[in-house]
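A.B. asks: Got a structure here, written out as structure tokens. Questions coming.
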Amino acid sequence: MNDSRVGGFVVRTLLWLPACFALWYGTAPYHASIAGAFAHGWLALLTPGLVHGVERTGSSLAFVTTLRVHPQPGQEAVLVPEVSALVYTYGLALFAALTLAVRARWWKILAGAGLLLVFQGWSIAFDLLAQVGIGLGPEVSALAGFGEWRRESIALGYQLGAVIFPTLAPVMVWAFLCGAFIQGVVHRDRGLPVAAS
């Protein structure tokens with residue numbers, strides 16, 4: 001068994017996590033803006049014409065929709081749901097810690113973060129769609145033109161974005177970019193020669 005190599009990796013990951021989470025939190029407005037732009041792209045692709053723009057306050061994203069609602073009799077307002085990007089972007093810190101723990105090159109961290117932000121944009125987009133299609137009631141859902149099958153699709157997309165992508169995507173992207181480390185552990189464990197990375 002190659003316990004010492006795996007054990008060292010686990011210890012290094014745990015040591016990197018606090019610094020990575022601190023950096024993630026400190027840079028939240030920046031990566032929230034990028035994730036919001038990807039979310040806007042997903043929304044334009046999936047529901048053209050629903051969202052007019054995205055506004056950011058800190059790490060909170062406000063989506064300016066084209067839906068006009070009536071909060072009071074005789075009043076009309078544009079629907080502007082908000083999504084907290086921090087709920088979906090914490091995988092950046094986990095990915096950075098895993099990557100730094102295997103001493104990967106800096107470009108892999110940047111490439112992986114960019115790829116993760118696409119997934120996180122999906123999560124944010126489906127949070128918004130779940131609010132409009134399900135959470136804000138049947139009147140708003142009907143106003144958006146979401147029928148039963150669209151609401152079912154939104155629920156599935158939301159589950160992927162809220163449960164699967166935030167935790168699984170960082171590990172999968174890390175495994176894709178840092179596969180040489182995993183291959184090295186498996187080959188050494190089996191006594192096979194390790195290919196140069």
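A.B. asks: For the residue pair S153 and A44, what label-to-label distance in nm results when each label sits 7 Å from Cα along the Cα-to-beta-carbon direction?
C.D. replies: 1.9 nm
A.B. asks: What spacing in nm lies between the two simple spin-label points modelled at L110 and T57, each 7 Å away from Cα in the Cβ direction?
C.D. replies: Output for this residue pair reads 3.4 nm.
A.B. asks: Note down the magnitude of the dipole of the chain about its Cα centre, charges +1 on Lys and Arg C-beta and -1 on Asp and Glu C-beta and zero elsewhere, to the nearest 20 debye.
C.D. replies: 880 debye
A.B. asks: Roughly what percent of Cα-Cα pairs across segment 25-84 reach past 16 Å?
C.D. replies: 48 percent
A.B. asks: Here is a follow-up. For segment 5-56 and segment 129-178, what is the centre-to-centre distance using only Cα atoms, to the nearest Å?
C.D. replies: Here the answer is 16 Å between Cα centres.
A.B. asks: Can you list the trypsin sites (Lys or Arg not before Pro) in segment 64-116 that are in a DSSP coil and have 13 or fewer other beta carbons within 10 angstrom?
C.D. replies: Here the sparse-neighbourhood loop sites are R103, R105.
A.B. asks: Which three numbers, in whole Å and largest first, are the semi-axes of the equivalent ellipsoid of the chain derived from its Cα gyration tensor as √(5λ)?
C.D. replies: 41, 17, 12
A.B. asks: Going highest first, how would you order 19-28, 128-137 by mean Cβ packing within 10 Å?
C.D. replies: Put in order of decreasing packing, that is 128-137, 19-28.
A.B. asks: Next question, about the same structure. So if we plug the beta-carbon distance of A142 and L168 into 1/(1 + (r/R0)^6) with R0 = 45 Å, what FRET efficiency do we get, rounded to 0.05?
C.D. replies: Between A142 and L168 the formula returns 0.85.
A.B. asks: Right, something else. At a Förster radius of 22 Å, what calculated FRET efficiency corresponds to the Cβ-Cβ distance of F21 and A180, to the nearest 0.05?
C.D. replies: 0.30
A.B. asks: Further question on the same structure: What helices in the chain pass both tests, a Cα length along the helix axis of 20 Å or more and a mean Kyte hydropathy of -0.5 or higher, using whole DSSP H runs?
C.D. replies: Correct list, ordered by number: 3-26, 28-46, 106-130.
Coordinate-derived values only; no laboratory data. The model shown is predicted, which means the values in this text are computed figures rather than measured ones. Positions of Cβ are generated from backbone atoms using ideal geometry, with glycine treated the same way; all protein chains shown enter the neighbour counts.
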